[in-house]
């Protein structure tokens, strides 16, 4: 049985942080795999989709999403407008207009980002199933059982605020 | 350590203060519109379809603006607030710095380079924007929707 500390110590995941405003405290936790951190580095270096839809860059969209997540902001306005969506196999999707992030919740309010990709590419090539399978395989590889994987599909199962 | 993985225990996703300010402001405006629409939908059963009808545009246009998939201009923001019978308040103010609060990062990983604080970091150089949409009806009493 692995713990979060074991996974961090083994280099399997790293904590992801963004700057919080003066009066904010982190209400949730974000982690990422090494490949996901590489994707974030590409965003920082200016990677953007070919036909960007959003008014802000992909890096700005992801920073805004991470800030909202970490500061405990609302991730769901209603069924139609939401930053987060449950997939099958205990996989969740975080969304911005131009990006999609796939991962799983180790605990309530504690998300591991595994894959980041452009929204258009994910939708055009229907990559959902592939990402779900790859995340399940990674969890098996890391010996992650249900002590570090929230199975529920309701927002209340994975978010407390 | 797992083979092939370099150990990074913490990663600061720092896109620079200018980009951060822009992205979070745009996101906040959109979130505020969605919050207001949810409130109107709950209280007055105002639908996206009705919003589109009031503004004489297709529903998909409203949808794209609210999902952030098309640009939101000041005009479209004002129109949406009008159609929801909400009032916009907008203010620019200097940030208040108090003892013990988070301090901004003083370096940037992208183009803008080192950020210099001439007062030793006690005060942020950038202005802070605030935008909130409040129900006009609350101010006007029981005036009905136009």
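The values are calculated or read from the model by the stated rules, or taken from the named source; none is laboratory data. Just so it is clear, the model here is predicted, and its values are computed rather than measured. A quick note on method: Cβ atoms are made from the backbone with ideal geometry, for glycine too, and the neighbour counts reach across all protein chains shown.
When the range B:1-45 is filtered for residues that are more than 10 Å from chain A (Cβ to nearest Cβ) and modelled with pLDDT under 90, the ones remaining, listed by number, are B:43, B:44, B:45.
Checking the conditions here, which among B:69, B:39 is at negative phi and out of contact with any helix residue (DSSP H, G or I) (no Cβ under 9 Å at 6 or more places or on another chain)?
Details: B:69 fails: out of contact with any helix residue (DSSP H, G or I) (no Cβ under 9 Å at 6 or more places or on another chain).
Among B:69, B:39, only B:39 is at negative phi and out of contact with any helix residue (DSSP H, G or I) (no Cβ under 9 Å at 6 or more places or on another chain).
Scanning the range A:118-161 for residues that are under 28 Å from residue B:69 (Cβ atoms), in contact (Cβ under 8 Å) with a residue 40 or more places away in the chain, touching a strand residue (DSSP E or B) at 6+ places or on another chain (Cβ under 7 Å) and in a helix (DSSP H, G or I) gives A:119, A:131, A:135, A:155, A:158.
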